[in-house]
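Structure, as structure tokens:
The values are calculated or read from the model by the stated rules, or taken from the named source; none is laboratory data. Since this is a predicted model, take the numbers as computed values, not measurements. Here Cβ is always computed from backbone atoms with ideal geometry, including for glycine, and neighbour counts include all displayed protein chains. Areas reflect the complete protein model, heavy atoms only, side chains present, ligands, DNA and RNA absent. Shrake-Rupley method; radii C 1.70, N 1.55, O 1.52, S 1.80 Å.
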Amino acid sequence: MDKVVTSASAVADIPDGATLAVGGFGLCGIPSTLIDALAEAGPTGLRVVSNNCGVDDWGLGLLLRAGRIARMTSSYVGENKEFARQYLSGELEVELTPQGTLAERLRAGGSGIPAFFTPAGVGTQVEEGGLPWRYAADGSVALASPPKEVREFGGRRYLLEEAVTADFALVRAAVADRHGNCVFHAAARNFNPLCAMAGRITLVEAERIVEPGELPPDAVHLPGVYVDRVVPAGPAGKRVERRTVRPAVRAAAEEI
């Protein structure tokens, strides 16, 4: 089955209030073409599960700036000033989750496992509840996280964490064939396969699309059975969150 479509048609049925699992880590491996198409399509009230929320003018930050995101489930949000403003003003609901727990919640959702126990967060507000998910306009906590169930195994305490599934997953791959089999490049593999597994409908943008049979079976990171639509990645290029280099004069002096 040829799953290649345009980016506009790929996101056309994403409704208001949909839950999205979005791949990427920082700006590495984010599905920027699909995010741009979604920004153009205009759904609102989106509930997004992603490691972070891009930056102010790139990635999920574009949807956030346009007021399209109602809730974020993330592990890291420190690169986006608009995110902080919306959260502290009560415009955005935020569930902060330990990074490994978030990865496992997505993997469990894609594997049909409804919940699991983890030691991450034991003895903190993750266990006890009370983390501010949403602030009121006056700065008080309008909605707080609930306490989590705790059980002991082998003399150690563990928290029960529920799996994550999403209505749609947005993912970026280095290479995909027309059947949806995907290969990711290096660190861009990060959350992308996990998000793809957790989505009921999975959209993949690929930097290169090849014919079925061109990818060796052992090279496939994500089987096409998880993928519903494949989109050619746009020419917008890639961004770096923080570009850090040594001054040229200092660098030359250190080489002497």
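Within the range 84-102, residues that are within 14 Å of E162 (Cα to Cα) sit with their Cβ atoms under 6 Å from residues that are acidic (D, E), at 6+ positions apart or across chains, in these pairs: T101/E161.
In this structure, does S140 turn out to be of a type in the set (S, T, N, Q), open to solvent by 50 Å² or more (accessible area, probe 1.4 Å), free of Cβ contacts under 8 Å to residues at least 60 places away in the same chain and on the phi < 0 side of the Ramachandran plot? Considered against the rule, which asks whether it is of a type in the set (S, T, N, Q), open to solvent by 50 Å² or more (accessible area, probe 1.4 Å), free of Cβ contacts under 8 Å to residues at least 60 places away in the same chain and on the phi < 0 side of the Ramachandran plot, S140 comes out as yes.
Can you pull out every residue in the range 30-53 that is closer than 26 Å to A136 by Cβ and crowded, with 21+ Cβ neighbours inside 10 Å? Selection gives L46, V48, V49, S50, N52, C53. Condition check: open to solvent by less than 40 Å² (accessible area, probe 1.4 Å) and at positive phi. Does G129 satisfy that? Answer is yes for this residue.
Of all residues being of a type outside the set (S, T, N, Q) and open to solvent by 50 Å² or more (accessible area, probe 1.4 Å) in the range 161-180, which is farthest from G213 (Cα to Cα)? Just the residue, please. Selected residue: E162.
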